[in-house]
1. Return the loop-located trypsin sites (Lys or Arg not before Pro) in the stretch 121-223 (DSSP other than H, G, I, E, B) with at most 15 other Cβ atoms within 10 Å of their own Cβ; answer none if there are none.
2. When the helix-only estimate is applied to the chain (DSSP H runs of n ≥ 4, each -39,500 (n - 2.57), divided by the residue count), what is the mean residue ellipticity at 222 nm, nearest 500 deg cm²/dmol?
3. Once fully extended, how much extra length lies between residue 255 and residue 86, figured as 0.36 nm per residue of separation less the alpha-carbon to alpha-carbon distance?
4. Enumerate the calculated ³J(HN,Hα) couplings along the stretch 151-162 in order (Karplus 6.51 cos²θ - 1.76 cosθ + 1.60, θ = phi - 60°), each rounded to whole Hz, writing x wherever the residue is Gly or Pro.
5. Relative contact order for the chain using alpha-carbon pairs under 8 Å, separation at least 6, rounded to a whole percent?
6. State the cysteines of the chain left without a partner when partners are defined as other cysteines whose beta carbon lies under 4.7 Å away.
7. How much length is gained on full extension from residue 102 to residue 199, taking 0.36 nm per residue of separation minus their Cα-Cα distance?
8. Roughly what angle does helix 251-262 make with the longest principal axis of the chain, taking Cα atoms, 0 to 90 degrees, to the nearest 10?
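Just so you know, all these numbers are worked out from the coordinates, no wet-lab data involved. In this text the structure is predicted, and so the values were computed from the model without any measurement. Here the Cβ positions follow ideal geometry from the backbone for every residue, glycine too, while neighbour counts run over all protein chains shown.
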Amino acid sequence: MTNHTSLTKKNAEKHPPHGILKSTVPFPKLESNQAVIQEVFSSIQGEGLHAGERQVFVRVAHCHLHCAYCDTPMTTPRGDCAVETQPGSNQWVAVPGLQRVEDTEMLIAGLIAQAPHHSVSFTGGEPLLYPYYLKSLMERIQRLGVKTYLETSGTQPHSLAKVLQFVDVISMDVKLPSSTKEAERWQQHADFYRTATQAPHVELFVKVVVNHDSTLDELTHLASIITDTQTPIYLQPETSLLEDGVLNITPSHLLNLQGFLARHFSTVRVLPQTHKMMKIS
Ligand code: SF4
């Protein structure tokens, strides 16, 4: 889920957005301590409550959704994992994509040793497709003294329950049909939010991608699900997949949506994908 939006130069060249080219690498048969990982790198979080923080990113492969605005490939072309050799260098080496918990931990530990990091961000794809792997890896990360940060579509409550004990921060997406062009997910979002808020140790915020088709009716649904009015809400204007830096929403509609939600919630911020402005991973 996802700093789903960190389409690197490398990706842009090698992996067109999956809305245009879907992965041909099928979801493999896995043991519980395995996952398919696309990328491991150190960079700056570009979205939401912790925008600007230094993180290690672990980008898993595959997702059960098909959001129309998604700019993240579902796998690399050969199913391997790209690891950046030096943070910010855009030089990558390929390692096997199918990884055991200890394989990924070793890659993460190597990056953490180079500089202090706020947290390890599990993004995708959908990290909660791999709950047993995630639970075990998150526990190990916390033992290293680093926080765990889960970027998710907010649609897999049962998997969330399995890992919740070892999650420090959740960036929960609420998917509006107007932006995903998929069926509504209100019930899944409601169950996910209820599960997440059962863990008082978790810092939770909600991210919503909006565009010119997004409606106040959809935001009314959102407000009925996100029952704690103190939950921070981040509206993320959808960016064009075709034109660099172009937003798919007018300023007046964006302000209209923000103003509506601000009557329900104490914190409603508008934040575009800042890592794209900086042109970093
Ligand atoms: S949840 Fe949507 S945006 Fe995120 S990886 Fe899956 S398809 Fe892409």
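1. For trypsin sites (Lys or Arg not before Pro) across the stretch 121-223 that sit outside H, G, I, E and B with at most 15 neighbouring Cβ atoms in 10 Å, the list reads 181.
2. Result for the chain: -8000 deg cm²/dmol, rounded to the nearest 500.
3. 56.9 nm
4. Running phi through 6.51 cos²θ - 1.76 cosθ + 1.60 with θ = phi - 60° gives 9, 9, 6, x, 10, 10, x, 5, 5, 4, 4, 6 Hz.
5. Once normalised by length, the contact order is 19 percent.
6. So, 63, 81.
7. Computed gain between residue 102 and residue 199 is 32.3 nm.
8. Taking Cα atoms only, the helix is inclined about 90 degrees.
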